[in-house]
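**Q** There's a structure below that I have some questions on.
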Amino acid sequence: MFGMAPSRGALTVKNETFHSVSLGREMHYRIFLPHNYAEVNRRFPVLYLLHGIYGKFTDWDTQSRLRHYAQGLDLIIVMPDAGDSWYVNSATVAQNRYEDYIVKDLIQQVDGNYRTLAVRESRAMAGVSMGGYGTLNFALKHPELFVFAGSISGAINAPTDLGPRQPDFQANLLQVFGPAGSATRTENDIFNLLKHADVSRLPYIYLACGESDPFLPLNQQFAAQLLEEHARYEFHQAPGAHEWKFWDKTAKDLLPVVMRRINAGSP
């Protein structure tokens, strides 16, 4: 675990719990508030960071040096809990409406309780692995909500052929997406969504994947499709595997891009 002790002028770290109407249960998130949040009477942009499968809402803070990288940034960072949901409304468990939980409940909760700039141009999202997939899915299905979408080592074939490729995920994927050919799989296939998207409305997309990551070919394929569709994006591949060592380094590189895109307020 990385150091948790606050330093002088450090950002404020809080754990929050709220009732999600979409899920019908209490949900948790960790939030970083800028070092000057209590001292200035103004609003701040927000970055939502999504965890990976088998992860939890504290991962970004405990498994990376995000707290250090975020020092001095005029940015609120929100890290929600989402279990192993793939951030979608489950095909088989009616109460597991995790897409609605994020886009309806969580954003409303944060905007209603903190001094956020509650507009698309000041809202960004990024995630690792399952969270990278979730981020791209949100960007394509809800482009009106985010100006920036970052996918790090995105497991972007979750609704299509990830189960047959990695049988240990199969039971979870069947519960979330239903059987092969289900409407839920089609509705959450990001390659299909991109094919039919109005790219002029999409957020700026940031892709990163390690050269030893089994998801690299899929991320390269998605980057090629973004190029073909004339979407605004950047793609980074560098030495690294599907692990926090690579994700930590990428988080350091990603934050300045987020700040530039948020500050520019590009539509």
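Laboratory data are not the source of any read-out in this text; all were calculated from the coordinates shown. Given the structure is predicted, the values throughout are model-derived calculations rather than measurements. Because the Cβ atoms are built from the backbone with ideal geometry, glycine has one as well, and the counts that use them run over all protein chains shown.
**Q** Just to be sure I understand the curve: with the Debye formula and one point per C-alpha of region 12-264, what is log10 I(q)/I(0) at q = 0.12, 0.13 Å⁻¹?
**A** Summing over Cα pairs of region 12-264 leads to -0.64, -0.76.
**Q** Something else now. Restricting to bridges with both residues inside region 12-264, how much of the DSSP beta-bridge set is antiparallel, in percent to the nearest 5?
**A** 35
**Q** Can you sort Asp198, Asp161 so the residue with the fewest Cβ neighbours within 10 Å comes first?
**A** Neighbour counts put them in this order, fewest first: Asp198, Asp161.
**Q** Short version: what are the Cα gyration tensor semi-axes of region 1-105, square root of 5 times each eigenvalue, largest first, in whole Å? Walk me through the numbers on the way to the answer.
**A** Numbers: eigenvalues 155, 49, 21 Å².
So the equivalent ellipsoid measures 28, 16, 10 Å along its semi-axes.
**Q** At 7 Å along the Cα-to-beta-carbon direction for both Thr92 and Thr12, put a label point, then send me their distance in nm to one decimal.
**A** 4.3
**Q** In region 72-141, which trypsin sites (Lys or Arg not before Pro) are in a loop and have at most 15 other Cβ atoms within 10 Å, using DSSP for the loop call?
**A** Arg115
**Q** Roughly how many Å is it from the Cα centre of region 151-184 to that of region 83-147, as a whole number?
**A** Cα centroid of region 151-184 versus Cα centroid of region 83-147: 19 Å apart.
**Q** In whole Å, what is the distance between the alpha-carbon centres of region 39-70 and region 221-266?
**A** Spelled out, the Cα-based centre of one part sits 17 Å from the other.
**Q** Still on this structure, I have one more. In region 69-147, which chymotrypsin sites (Phe, Trp or Tyr not before Pro) fall in coil by DSSP and have 14 or fewer other Cβ atoms within 10 Å?
**A** Of the chymotrypsin sites (Phe, Trp or Tyr not before Pro), not one in the loops of region 69-147 has a Cβ with at most 14 other Cβ atoms within 10 Å.
**Q** Report the gain in length on full extension from Asp253 to Asn113: 0.36 nm times residue separation, minus Cα-Cα distance, nm rounded to one decimal. It would help to have the intermediate numbers written out before the result.
**A** Working: separation 140, 0.36 × 140 = 50.40 nm, distance 2.91 nm.
Extra length from Asp253 to Asn113 when fully extended: 47.5 nm.
**Q** Cβ under 15 Å from Arg43's Cβ, Arg43 left aside: what net charge do those residues give with Lys, Arg +1 and Asp, Glu -1?
**A** 0
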